Amino acid sequence: MNPLLSTPRIALRTFLETDLPEFEAEIRVRQVVGLAKQTPIHAIGNLGNGALLAGVFWSRLPHAAIAGWLGLFALFTGFELVRWWRKRRWPIPKQASRRAIRATTGWALFAGAMWMAAVIFAFPRDSMQLQLLILFLVGGLGAGAVGSMAAQPIACFSFVAPPLITVLALLAIQTNSEVAHVIAAMGVLYLAVLMAALASSFSSFVTIVRGKFDSRALETKLLQMELAASTEANRAKSLFLANMSHELRTPLNAVIGFSEIIHDQPVGTVVTEQYRDYAKDIHSAGQHLLRIVNDVLDISKIEAGRSELHQDRMEIAHVARRALKLVEAAASNAGVTITADLPPDLPDLIADEIRVKQILINLLSNAVKFSKTPGLAVLGAAPRPDGGLALWVRDNGIGMTEREIALARQPFRQVQNSFARQHEGAGLGLSLVEGFIALHGGRMEIDSKPGEGTTVSLVFPPERVVWPQAGRAASTAAA
């Protein structure tokens, strides 16, 4: 909605409506509070100008009438000052009723009516100078009201209009004075300017309140977001502790159990082969523990910005085959076939060979872990049109939804509930992969559908790709 059109609507709604939207309710509170703060200024201004008018016309009008009018004005002013004094230190209310804003408008109308009565009673038809004095006095009151009562345009108009319109009408109906008619016309223009200034001031007031309101709403939203983030962090911590307690307890139990068997020798002292198997299990459990600890340290370094790369030129196919070799045994035990789809003319990479191998092992391990039985996992590589290079691992496993992909990217999180999950792991695989590829200036892309499998691609930027001259020439000729 156009703000110029909405401003009069807001002024009317705050005056007429009982229940308001939150923003307009805030406007009404500021209107009542703002006008209340101006009470001493209005009281002193009205009483001072009233005394000035009484002094000027004391010799021309009945003293009793002037004293009565001034006394009534003083009584009204004193009542307003007493109310202000009692409430001056009250805290700003959270709500203001329609009755409160109507009360302030009513008092403004009463003051305007008092000035109108004074104008009608004191208007001198025989002295242009005194007429101009009254016009000047009433016009000054109007300008002061617009400056101090803009937050309540209806109350301001109720105070300004009665005396100003009255003096202009009295000037206009004089039949023997062209000057009075001209002054009346100028007064009408002055009234129009006052109303335009009132509308503009009220619009500025609404804009200021809207800014404060929006700022407070934003602060509230930020607090809610911080609370939600804190809650999510606590939940992630609980999940992490649950995951880690399971992951650490299982190999530790194996280490403790088999070491006690070797120490106590319940099957005798000469069963060497059986003890050797126990030692292998202890070694395997220790290696598993070491991998978990290393993963936690790696993700902590990445998040702290302290992970460093040891970069050199590396042969992709060689590193990929080594990674496949390290996962072959686990794949065979799980009934998953792993293969390579590596073109013969692959370029070299400028990268950290240890981290790239760790990335591929993590992705292959995930592919084996989440594949069907019998399953298939493929490690491949392909150039990108922009000159970059993509390494990818594809499986035909359980797949993921978009929500599950976002969850799997987070460290220490797993797609399945940690207390009922079917697959082991601390939930660091994909987050480590994404962290390491980001250190190389690349990105991780995941394409997955539930029940159809997952493809994870690692895209290295063109500046890390090194084409052998023969390969580049062949590639150019083919293009």
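The values are calculated or read from the model by the stated rules, or taken from the named source; none is laboratory data. Everything quoted here is computed from the prediction, not taken from an experiment. Neighbour counts run over all protein chains shown; Cβ positions are idealised from the backbone, glycine included.
Laid out as a table, the results:
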| read-out | value |
| --- | --- |
| Leading residue by the ranking (farthest from T18 (Cα to Cα)) among those in the range 58-101 that are buried (at least 16 other Cβ atoms within 10 Å of the Cβ) and aromatic (F, W, Y) | W69 |
| The range 342-371, residues that are under 44 Å from the mean Cα position of the chain (by Cα) and assigned to a strand (DSSP E or B) | L349, I350, A351 |
| Subset of the range 185-225 that is farther than 29 Å from R28 by Cβ and at pLDDT 90 or above - its residue that is surrounded by the most Cβ atoms within 10 Å (Cβ to Cβ) | G187 |
| Selection from the range 167-182 of residues that are surrounded by fewer than 21 Cβ atoms within 10 Å (Cβ to Cβ) and of a type in the set (V, I, T) | I173, T175, V179, V182 |
| Count - residues of the range 372-389 that are touching a residue at least 60 places away in the same chain (Cβ under 8 Å) and either in a strand (DSSP E or B) or among the polar types (S, T, N, Q) (or both) | 3 |
| Of residues in the range 390-401 being in a loop (DSSP other than H, G, I, E, B) and more than 37 Å from the chain's Cα centre (by Cα), the one surrounded by the fewest Cβ atoms within 10 Å (Cβ to Cβ) | N396 |
| Failed item in (1) surrounded by fewer than 18 Cβ atoms within 10 Å (Cβ to Cβ); (2) closer than 23 Å to P124 by Cα, with N49 passing the rest | (1) |
